[in-house]
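Notes for the one structure printed next.
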Amino acid sequence: MTKSHDEIRILIAQNTAKLIYDEGLDITRARRKAGKRFGAELSLAHGHYLPRANEIYQQLKFLMAGCDAVILNQRRNRLIALAIDALDFFKPFSPYLIGDVVDTPYSRVTMRLYADHPDDVEDYLYNHDILFETSEQVPHSHHDRLLVSQDDGIVECMILPRSKQHQLIKSTMTGKMIPRLSIQQLLTLCDRASCTEML
């Protein structure tokens, strides 16, 4: 029995959420991987089957609601510790954390870096013997993306020109400004005691 477009959207959103949570994929890769299983059905839908980011995040919240609170708290603390370490390491590039690591324990730490040229960040990583790989650009974006390997996980870095350091960026999905946190702001928001133990 052929599924409706709405049913396919929900299934892809559910599978995407699971890939984000289990494998730490970014939303673009996870959504593409989740959609492949539907094959020919997707080709008939002309793109209307693809769930929006807010639909995927809603499914991610449903998924995590069924998880053990202790495990989620450990996951959250691990990601916050990773974010603090990364923000400190990338200080020369005025880093900001973006995303919902503090409120919701997703599987990827994402931050924005500001540099005169993207090569400056790559040279910095080479000089510190840090492994990284280039990532596919998000459609309609104008920045380079790197996936940086840290001891406790992967950090996704979006590199923007220094001239844009003080500019806030609107989400293409919600139309709202995307919040960002400096290391000082992150330490203020999270539990200082637990963060101190993790450092």
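The values are calculated or read from the model by the stated rules, or taken from the named source; none is laboratory data. It should be emphasised that the depicted structure is a prediction, and the values quoted were computed from it without experimental measurement. Every residue, glycine among them, receives a Cβ derived from its backbone with ideal geometry; neighbour counts consider all protein chains shown.
If the condition is being touching a Ser or Thr at 6+ places or on another chain (Cβ under 9 Å) and either among the aromatic types (Phe, Trp, Tyr) or at pLDDT below 75 (or both), then segment 74-120 contributes 96, 99, 101, 114.
Report, by residue number, each residue of segment 20-73 that is of a type in the set (Phe, Trp, Tyr) and modelled with pLDDT of 75 or more. Can you show your working first?
As a first pass, look at segment 20-73 and keep what is of a type in the set (Phe, Trp, Tyr): 21, 38, 49, 57, 62.
Result: 21, 57, 62.
Restricting attention to segment 173-199, the residues that are polar (S, T, N, Q), modelled with pLDDT under 75 and loosely packed, with under 13 Cβ neighbours inside 10 Å add up to 2.
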